[in-house]
1. Loop-only trypsin sites (Lys or Arg not before Pro) in the stretch 328-413, please: DSSP not H, G, I, E or B, and at most 12 other Cβ atoms within 10 Å.
2. When DSSP beta bridges are limited to those with both residues in the stretch 1-149, what percentage is antiparallel, rounded to the nearest 5?
3. Looking at the chain as a GNM with Cα springs under 10 Å, which of V311, V51, V238 has the largest mean-square fluctuation?
4. Simple spin-label model, 7 Å along Cα-to-Cβ: I241 to T263 in nm?
5. Ignoring the sites themselves, what is the longest stretch of the chain with no chymotrypsin sites (Phe, Trp or Tyr not before Pro) in a DSSP loop and at most 13 other beta-carbon atoms within 10 Å?
6. Restricting to lysine pairs 8 or more places apart or on different chains, what number in the stretch 188-278 have Cα atoms under 15 Å apart?
7. Going 7 Å from the Cα of E361 in the Cα-to-Cβ direction, what parts of the stretch 175-199 have a backbone nitrogen less than 20 Å from that spot?
8. Given the DSSP H assignment, sum -39500 (n - 2.57) over each helix run of at least 4 residues in the chain and divide by its residue total; what's the result at 222 nm in deg cm²/dmol, nearest 500?
Amino acid sequence: MSNVWEEALFNLEKAAKVMNMKPDILERLSKPMRFTEFTIPVRMDDGTRKVFTAYRSNHQDATGPTKDGTRVKPDLTPEEIKALSLFMSIKHGTVNIPAGGGKGGIKADPSHISEGEYERLIRGFIRKLRPKGAWTDVPGADIGTGKQAMAWMLDEYEQITGEHCPAAINDKPAVLGIGGSKGGFEATGRGVARCTLEATRAMGMKPQKSSVVIQGFGQVGSITAKTLYDQGFKILAVSDIKGAVFNNSGLDIDSLLDHVQATGFVSGYPGGETKDGKGLLETECDILIPAAVQDVITAENAPRLNTRLIVEAANAPTTPEADQILEERNIRVIPDVLANAGGCLVCDLERIQGLSGDYWEEERVYEQLDKRMMKAYGETERVMKEKDISMRTAVWVNALEKITEAMEIRGWS
Ligand code: NAD
């Protein structure tokens, strides 16, 4: 498939066929409800003005205000933003968040501009973005944006409107008056671990007897590893961009985290054998968790994977061609839109806290996160069994059933 938008449409059409979706609804969902391209003029440090291109895609708002991330990257394309907004509709539907799908971005390289230029660019995005607001369209963070950028977005929004409204922006710092939620850093990894636990239960696997291999030991990979380790899983190997460490008796994740804290990388960890990360995905294990980058499981290596379960912590780690091979080989795949939805769930909890003014301790956030991930996993597994389809198609069918129900009941079809 040539681009990510075609890939999104492929999944949509596959699910639509299973559901016997009405043609007019499919047509509506096959395009963003609104797609805008706009420019942001920025005063550069040398006194010149540079004009940056920005996009915002609102896929559908039958299920609530459109929500989610803002990418800042030099090779950003409109197709990428459109596709990601459709994925967000599916992700929100999957984990029962009353929100539509949104995604935005700015074509720029944050590493090639100063901090002051970056701040003016981010504030410019909010000034030029319309419509926006807590009940309309809510931007969050993504590649090239983080908590500081979101705090600037909120400040700019509040300067324009003249009122405090923390629910208008997501992924903010958990600082008094800024309205972020505790538990945001851990949310995605914790959700991945929760899905893994639910899947192993459903497959009759015991944590103490299940071995895990994880590619990527950053925010998501390390929290997933630590959460599974604490549940008794044997973490056989983990890798990062520089290399991998293996231990057939299981890695001690607490001391590995200390090693990474001290050195920046997993390589050289004394409690395991350091190797290059090339063959990592093909290591014999019960559970394989890609938690680094996209397109790492391909038609080339899928026939050689030696695992029972793949939990997609990274976005789009499996190509559609590889997916077909894994289905034929009866390897269960928990797709990214379900497995890594923990971050979206905590964004929803952040919004609930922002709207109510009642801010929670981490324990309450985790309790809600775990409960809602379990519910989403259970619903998806039920659809998979009832319709005898792959878990990836089941995720789409489950979410689209909710979206189309909202569209129908609003009288849109
Ligand atoms: P991160 O930058 O914190 O960590 C990425 C890790 O992957 C690092 O350990 C890095 O060294 C490693 N890595 C990079 N390229 C690699 C390669 N080619 N081979 C092996 N390891 C490699 O990123 P993150 O926030 O942990 O995100 C990881 C993945 O999860 C990404 O695909 C991201 O889109 C997805 N994701 C993240 C979140 C989130 O909340 N952070 C939410 C949803 C999805």
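The values are calculated or read from the model by the stated rules, or taken from the named source; none is laboratory data. What you see is a predicted model; the values in this text were computed from it and never measured. Here the Cβ positions follow ideal geometry from the backbone for every residue, glycine too, while neighbour counts run over all protein chains shown. Just the protein is used for accessible areas: all its heavy atoms, side chains included, with ligands, DNA and RNA removed. Shrake-Rupley method; radii C 1.70, N 1.55, O 1.52, S 1.80 Å.
1. Sparse-neighbourhood loop trypsin sites (Lys or Arg not before Pro): R329, R410.
2. Just about 60 percent of them are antiparallel.
3. Of V311, V51, V238, the most mobile in the Gaussian network model is V51.
4. Spacing of the two 7 Å Cα→Cβ label points: 1.8 nm.
5. For chymotrypsin sites (Phe, Trp or Tyr not before Pro) (loop position, at most 13 other Cβ atoms within 10 Å), the longest site-free span of the chain is 136-411.
6. The result is 5.
7. Answer for this model: 175-177, 179-187.
8. Rounded to the nearest 500, it is -14500 deg cm²/dmol.
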